[in-house]
């Protein structure tokens, strides 16, 4: 029996994922001890809840089970959203993480040396992101060219950002209130 490949799964599930308003972020297929694990990573603006992901998982499972080359294969399917440790590589990743704390490594450009910044993600526009940096309670913003970013990871953040900080990130009043109470 031929092995299941990530490319094969991607081709099969892409339209289902897009039809449900998601982006297909990644497909990972791994095998060990005679078992194949298929992980489908999806994301969309506004995030998702477990019920929506469960419904999408059933639909993806149906599509895979209808494919003759996969139908008889033993596999375990997981449909999930990206974790916080996912690198931010596309504009939509940055946009969806607005207000989150991020560490960004920047390449050396012209006379500027390589450097690392930590701040909250603000608006993303025209290939640039505004980072809101909190230095001992003093807020400042700095614009970063996304082309200069060599690595960017959302940080696990146990602090409660101020309303002013989240407002500088471009979040609305309802979202600020939610983050100030839920996060």
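Key figures
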{"item": "Identity of the residue in the stretch 158-181, loosely packed, with under 14 Cβ neighbours inside 10 Å and touching a strand residue (DSSP E or B) at 6+ places or on another chain (Cβ under 9 Å), that ends up modelled with the lowest pLDDT", "result": "159"}
{"item": "Single residue of 41, 13 found to be in contact with a helix residue (DSSP H, G or I) (Cβ under 8 Å, 6 or more places away or on another chain) and more than 30 Å from residue 162 (Cβ to Cβ)", "result": "13"}
{"item": "Of all residues making up the stretch 170-183, the number that are touching a helix residue (DSSP H, G or I) at 6+ places or on another chain (Cβ under 9 Å) and within 11 Å of residue 121 (Cα to Cα)", "result": "1"}
{"item": "Residue list for the stretch 87-113, restricted to those being surrounded by fewer than 17 Cβ atoms within 10 Å (Cβ to Cβ) and either out of contact with any strand residue (DSSP E or B) (no Cβ under 6 Å at 6 or more places or on another chain) or closer than 29 Å to residue 54 by Cβ (or both)", "result": "87, 89, 90, 91, 92, 95, 108, 109, 110, 111, 112, 113"}
{"item": "Candidate set: the stretch 45-57, residues that are in contact with a helix residue (DSSP H, G or I) (Cβ under 9 Å, 6 or more places away or on another chain) and either loosely packed, with under 14 Cβ neighbours inside 10 Å or touching a residue at least 40 places away in the same chain (Cβ under 8 Å) (or both); chosen: the one nearest to residue 93 (Cα to Cα)", "result": "45"}
{"item": "Residue 116 vs. criteria under 19 Å from the mean Cα position of the chain (by Cα) and assigned by TED's automatic domain parsing to the domain that holds residue 163", "result": "no"}
{"item": "Among (1) surrounded by 12 or more Cβ atoms within 10 Å (Cβ to Cβ); (2) touching a residue at least 40 places away in the same chain (Cβ under 8 Å); (3) in a strand (DSSP E or B), the one test that residue 142 misses", "result": "(2)"}
{"item": "Strands (runs of 3 or more DSSP E) fully within the stretch 1-114 counting 1 or more residues that are within 18 Å of residue 153 (Cα to Cα) and at pLDDT 90 or above", "result": "23-32, 35-43, 101-106"}
{"item": "Some residue of the stretch 115-124 being in a helix (DSSP H, G or I) and in contact with a helix residue (DSSP H, G or I) (Cβ under 6 Å, 6 or more places away or on another chain)", "result": "no"}
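The values are calculated or read from the model by the stated rules, or taken from the named source; none is laboratory data. Computed from a prediction, not measured in an experiment: that's the story for all the values here. Please note: Cβ atoms are built from the backbone with ideal geometry, for glycine as well, and neighbour counts cover all protein chains shown.
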